[in-house]
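The values are calculated or read from the model by the stated rules, or taken from the named source; none is laboratory data. Bear in mind that the values here come from a model prediction, so they are computed numbers and not experimental data. All Cβ positions, even for glycine, are placed from backbone atoms using ideal geometry, and neighbour counts span all protein chains on display.
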Amino acid sequence: MEHVATPLPVSELMTREVIAVSPAMPVPEVARLLHTRRITGVPVVDGEQHVLGIVSELDVLSRPGATARDIMSRQVISVTAETDAAEVARLFASRRIRRVPVLADGRLVGIVSRADLIRPSAMPHIRPGDQNDLCMETDQA
């Protein structure tokens, strides 16, 4: 008998208080923000919260430029709040990305990352055939 995942909309997993930057933010400030907030990437948004791009740690390290606009990845893959978490997991695997912005009416309303999808509460919806109980190792005396 095959297990089927129960849909889980990303709205139940996403971070709603998104850390985002303006396109004019200098690269050293973007780097400092990534480091101090312990995040691996950040959306670049305009004044109306439209996503213009994403800056990752790799962009900071490898792309020349002075501002977020100069170094951001412009080909942004996004989802809606209703997108199923299992679909996002497949997207992460197939496109080899770490995060996707969540949009409503073209505006940023959240972000979902790989870390969000591996939460114990999300795993049964993404990998329904796996044993999802946490096992504790005990010392054998």
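Rundown of residues vs (1) more than 15 Å from the chain's Cα centre (by Cα); (2) surrounded by 15 or more Cβ atoms within 10 Å (Cβ to Cβ); (3) at pLDDT 95 or above; (4) not in a loop (DSSP other than H, G, I, E, B), yes/no style:
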{"site": "T6", "(1), (2), (3), (4)": "yes, no, no, no"}
{"site": "S11", "(1), (2), (3), (4)": "no, yes, yes, yes"}
{"site": "P23", "(1), (2), (3), (4)": "yes, yes, yes, no"}
{"site": "V44", "(1), (2), (3), (4)": "no, yes, yes, yes"}
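Count of segment 68-91 residues, restricted to those that are surrounded by fewer than 18 Cβ atoms within 10 Å (Cβ to Cβ), hydrophobic (A, V, I, L, M, F, W, C) and not in a loop (DSSP other than H, G, I, E, B), is 1.
Scanning segment 91-101 for any residue that is among the hydroxyl-bearing types (S, T, Y) and over 12 Å from G53 (Cβ atoms) turns up at least one such residue.
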